[in-house]
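K.L.:
Below is a structure I'd like to ask you about.
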Amino acid sequence: MAAGNELERLLTWQMGNGAFAFTTTRQGGVSTGNHASFNINSYCGDQPQSVESNRKALCKALGIDLRRLVMPHQTHGTEVADIDEDFLALDESGRRERLEGVDALTTDMKKVCIGVSTADCTPIIIYDPVGKVAAAVHAGWRGTVGRIAQKAVEHLQKHYGARPCDMTAVVGPCISARHFEVGDEVFEAFQKAGFPMESIAHRREKWHIDLKGCNVLQLTEAGVPKKNITVSELCTWRDNDLLFSARRQGTACGRLFTGIIITG
């Protein structure tokens, strides 16, 4: 697979000078069946050799070494991890241990791709083009209730000195409110967390919740200017020919990867 062809298959996002951000699609890889065809996640049942081949193809397209592609083992929590020189020096066992149970990554390192995996949950990229620091966030409904997007902004402030007013953000492809049907217990979890339910939820036969809108609210409340936030119009359930959807395909399906590289 030619590197140029692979880059053409990525959804790319404008973040500001000095960064390249993207989301992979289902297209262009070697995985088969429910993982067809471009999956780089090793925790969803895909064949290890297919995952490895797809990862190498992505890294070749991005112009980075395989060890500089960093993705956590997400558990729908709110743990944030910094990717720095100490992390890159770890062996594979140490890396796996450090990335276990992590749902957001931050870095100020150049030529390192941090990212998160999703197949209906919300991927969020945050970048400060002034301080040159970045975050990649996995926000499922539990992480959204736990305000992981807001915590990522606060982490960038505290650990890197970034200012929210300088930040840009992308709320990437996830399941739309139209197709995100939930039970009363999920609605009540959002309600107890203090979200404006009249803005983020509506009821048909069951409740439907707007994950994208809820995460935009968190980002703006954390100080990111709304004009600096891009929201993808794609829906993983509706656009399943292009994007993986666990609700539509089952949990044993491939995953999208949404990442960012600080380029200079």
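The values are calculated or read from the model by the stated rules, or taken from the named source; none is laboratory data. Model, not experiment: these values are computed from the prediction. Please note: Cβ atoms are built from the backbone with ideal geometry, for glycine as well, and neighbour counts cover all protein chains shown. Keep in mind that these areas ignore ligands, DNA and RNA; they rest on the heavy atoms of the full protein, side chains included. Shrake-Rupley method; radii C 1.70, N 1.55, O 1.52, S 1.80 Å.
K.L.:
Among the candidates 170, 112, 130, single out the residue that is open to solvent by 30 Å² or more (accessible area, probe 1.4 Å), of a type in the set (Val, Ile, Thr) and farther than 24 Å from residue 252 by Cα.
P.N.:
On the way: 170 fails: open to solvent by 30 Å² or more (accessible area, probe 1.4 Å); 112 fails: open to solvent by 30 Å² or more (accessible area, probe 1.4 Å).
Criteria check complete, one pass: 130.
The rows are residues; the columns are (1) surrounded by fewer than 15 Cβ atoms within 10 Å (Cβ to Cβ); (2) part of a loop (DSSP other than H, G, I, E, B); (3) free of Cβ contacts under 8 Å to residues at least 12 places away in the same chain.
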position: 25; (1), (2), (3): no, yes, no
position: 46; (1), (2), (3): no, yes, no
position: 51; (1), (2), (3): no, no, no
position: 56; (1), (2), (3): yes, no, yes
position: 64; (1), (2), (3): no, yes, no
position: 76; (1), (2), (3): no, yes, no
position: 82; (1), (2), (3): no, no, no
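K.L.:
Moving on. Quick test of your reading of the structure: residue 241 fulfils all but one of (1) over 20 Å from the mean Cα position of the chain (by Cα); (2) more than 26 Å from residue 114 (Cβ to Cβ); (3) not basic (Lys, Arg). Name the failing condition by number.
P.N.:
Of everything listed in (1) over 20 Å from the mean Cα position of the chain (by Cα); (2) more than 26 Å from residue 114 (Cβ to Cβ); (3) not basic (Lys, Arg), residue 241 misses just condition (1).
K.L.:
Further question: Do you know which of the residues in segment 245-264 that are over 13 Å from the mean Cα position of the chain (by Cα) and assigned to a loop (DSSP other than H, G, I, E, B) is farthest from residue 106 (Cα to Cα)?
P.N.:
250
K.L.:
Of the residues in segment 27-44, how many are hydroxyl-bearing (Ser, Thr, Tyr) and crowded, with 19+ Cβ neighbours inside 10 Å? Reasoning before the result, please.
P.N.:
First, the residues of segment 27-44 that are hydroxyl-bearing (Ser, Thr, Tyr): 31-32, 37, 42-43.
Restricting the remaining residues to those that are crowded, with 19+ Cβ neighbours inside 10 Å gives 31.
Counting residues in segment 27-44 that are hydroxyl-bearing (Ser, Thr, Tyr) and crowded, with 19+ Cβ neighbours inside 10 Å gives 1.
K.L.:
Report yes if some residue within segment 135-144 is open to solvent by 40 Å² or more (accessible area, probe 1.4 Å), closer than 22 Å to residue 227 by Cβ, touching a residue at least 24 places away in the same chain (Cβ under 8 Å) and outside any strand (DSSP E or B); otherwise report no.
P.N.:
Within segment 135-144, the subset open to solvent by 40 Å² or more (accessible area, probe 1.4 Å) is 141-142.
Then keep just the ones that are closer than 22 Å to residue 227 by Cβ; that gives none.
The answer is no; no qualifying residue exists.
K.L.:
Looking only at segment 224-240, count how many residues are open to solvent by 10 Å² or more (accessible area, probe 1.4 Å) and over 15 Å from residue 120 (Cβ atoms).
P.N.:
Total satisfying the criteria: 8.
K.L.:
Given the options 194, 161, name the one that is of a type outside the set (Ser, Thr, Tyr), without any contact (Cβ under 8 Å) to a residue 60 or more places away in the chain, farther than 25 Å from residue 19 by Cα and open to solvent by 50 Å² or more (accessible area, probe 1.4 Å).
P.N.:
Numbers: 161 fails: farther than 25 Å from residue 19 by Cα.
When all the criteria are applied, what remains is 194.
K.L.:
Looking only at residues that are β-branched (Val, Ile, Thr) and under 24 Å from residue 165 (Cα atoms) in segment 201-223, which one is surrounded by the fewest Cβ atoms within 10 Å (Cβ to Cβ)? Before you say what the answer is, go through the steps one by one.
P.N.:
Of segment 201-223, the ones β-branched (Val, Ile, Thr) are 209, 216, 220.
Still in the list and also under 24 Å from residue 165 (Cα atoms): 216, 220.
Numbers: 216: 22, 220: 16.
The selected residue is 220.
K.L.:
Another question, if that's okay. Specify which of the listed residues (122, 107) is open to solvent by less than 10 Å² (accessible area, probe 1.4 Å) and touching a helix residue (DSSP H, G or I) at 6+ places or on another chain (Cβ under 8 Å). First the steps, then the outcome.
P.N.:
Numbers: 107 fails: touching a helix residue (DSSP H, G or I) at 6+ places or on another chain (Cβ under 8 Å).
The unique qualifying residue is 122.
K.L.:
Could I ask something else about it? Could you tell me whether segment 5-12 includes any residue that is open to solvent by 20 Å² or more (accessible area, probe 1.4 Å) and at pLDDT 95 or above?
P.N.:
Yes, that holds for at least one residue.
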